[in-house]
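Below is one structure, written out as structure tokens, with a few remarks after it.
Every read-out reported here was derived from the displayed coordinates using simple, explicitly stated rules and does not represent laboratory data. Treat the numbers as computed from the prediction; the structure is a model and nothing was measured. When we count neighbours, we look across all protein chains shown, and the Cβ atoms used for this are built from the backbone with ideal geometry, even at glycine.
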Amino acid sequence: MSNESKINGFLKIVLKDYPPPRRCLDVGARDGYMVKMMKKRGYGAVGIDVMPKNRSVMKDDILNNNLMKNGYDLVITRHCIEHCFNVRGFLSNSRDLLKDDGIFIMLFPLVQAMTYDYTKKCDNYEDEFIEETNGLFETRQFVISTKVGIDPLSKDEYLYVGVPC
């Protein structure tokens with residue numbers, strides 16, 4: 001399955017409950033394909049990446065950014081947080097960019113892929129992640145993708161949806 005197909009499948013699943021018009025931020029936008037597809041669906045979308053692969057993506061870092069606080073209805077990140085050494089800062093800054101009723105949507109790989117967790121063995125990553133998000137988000141949904149039968153997501157991924165506390 002191509003990356004474009006995976007992104008379109010991901011968007012179809014996560015955006016069905018959050019129709020446009022909404023202002024969206026894609027953190028870790030890379031080539032900007034997800035931003036392009038969100039715009040095509042009627043969302044006001046922008047993307048940031050520390051190493052963008054396309055001019056349509058702003059060079060910016062979620063840990064140190066010039067983005068508008070409380071400016072986004074949706075902050076979406078897909079396979080980005082596992083490359084971050086400051087997970088709490090990543091999550092905290094993502095929360096600060098959301099409007100009061102905003103939604104944070106994140107897809108990330110399971111266990112040992114998380115950069116900050118390389119030195120630890122973790123039997124229950126879900127509990128550890130919930131501890132990391134404590135006080136930042138109220139969990140709306142936290143599922144292992146295989147439990148909900150999501151085809152574009154592998155059994156090795158988590159889908160997390162939360163709202164700011």
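Just rank I62, I105, fewest to most, by other beta-carbon atoms within 10 angstrom.
So the residues, fewest neighbours to most, are I105, I62.
So for the pair R41, F85, with labels modelled 7 Å out along Cα→Cβ, what separation do we get in nm?
Distance between the two pseudo-spin positions: 3.4 nm.
Which residues in region 79-105 place their backbone N less than 16 Å from a point set 7 Å from the Cα of N3 along the Cα-to-Cβ direction?
79-83
Taking 0.36 nm per residue of sequence separation and subtracting the Cα-Cα distance, how much length would be gained by fully extending the chain between E131 and D17, in nm to one decimal?
Length gained, E131 through D17: 38.4 nm.
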